[in-house]
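Peer 1: There's a structure below that I have some questions on.
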Amino acid sequence: MAKEATLQVRMDSELKEQAELLYKQMGTSLAEAVRIFAKQSVADGAMPFQMRLPLSASKRTLGLANGRYAIPDNIDECNDAIAELFEVKSL
């Protein structure tokens with residue numbers, strides 16, 4: 001497949017340097033990694049990985065029990081909140 005188009009992406013210079021080093025160590029380049037990402041996205045019909053917010057960055061409510069439960073920062077707090085929400089003795 002001929003390379004006929006150019007893609008320009010702005011990113012933090014430190015991130016770019018880290019990514020270039022990573023891909024160089026893997027025997028490829030950042031540009032090739034972007035092409036691989038695009039090809040896999042098209043093949044999957046989606047992002048080639050699951051996108052989600054980290055629990056600590058997302059202080060959304062669960063939307064249950066009148067929204068009184070916030071998403072906890074760690075799995076133990078999450079398990080406790082779910083157990084309390086559904087009146088489960090232990091998970």
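All of the numbers you see were taken from the coordinates with simple rules; none came from a lab. Everything numeric in this text was worked out from a predicted model, so none of it was measured. Note that each Cβ is placed from the backbone with ideal geometry, even for glycine, and that neighbours are counted across all protein chains shown.
Peer 1: Have a look at segment 1-53 and give its Rg and Dmax from the Cα atoms, expressed in angstrom.
Peer 2: Final numbers for Rg and Dmax: 12.6, 36 Å.
Peer 1: In addition: At LYS16 and SER41, where each label point lies 7 Å from the Cα along Cα→Cβ, what is the point-to-point distance in nanometres?
Peer 2: Going by the 7 Å Cα→Cβ label model, 1.9 nm.
Peer 1: Going by average Cβ neighbours within 10 Å, how do the peptides 30-37, 7-14 rank, with the highest at the top?
Peer 2: Most protected by this proxy first, the peptides run 30-37, 7-14.
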